[in-house]
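The values are calculated or read from the model by the stated rules, or taken from the named source; none is laboratory data. None of the values given here were measured: they were computed from a predicted structure. Quick reminder, even Gly has a Cβ in these numbers, built from the backbone with ideal geometry, and neighbours come from all protein chains shown. Surface areas here come from the heavy atoms of the whole protein model, side chains and all, with no ligands, DNA or RNA. Shrake-Rupley method; radii C 1.70, N 1.55, O 1.52, S 1.80 Å.
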Amino acid sequence: MTIPTDTDTDTASGLDPVAGTVFEAARAEALEELTGVVGRVKACTALGVSRATYYRRHRRSPAAPRPPRRKRRRPRALDQAEEARSVGAAI
């Protein structure tokens, strides 16, 4: 593992992508250690990690398949009789 330097920063965002990865790895390791000591909820709260994220990353079963997206139905037009009734009622 190398230590990131100031010259390694991404010029577009001004952030160092390596530092972000190193930070996330350190936070994950700290989370694992704290979980054994104080429990999941308190460890997640202390480190600012969402409990949902913790459980998602430590899932033992495969993710549930998402149901297929339903296509939106276009609204149907009124037939001539309904159109005549709605126009007549508006007058």
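The HN-Hα couplings worked out from phi for the range 55-60 by the Karplus form 6.51 cos²θ - 1.76 cosθ + 1.60 (θ = phi - 60°) are 5, 5, 6, 10, 5, 9 Hz, whole numbers, x standing for Gly and Pro. Sorting 63-70, 74-81 by average packing, meaning the other beta carbons within 10 Å per residue, from highest down gives 74-81, 63-70.
For Thr21, the solvent-accessible surface computed with a 1.4 Å probe is close to 90 Å², ligands and nucleic acids excluded.
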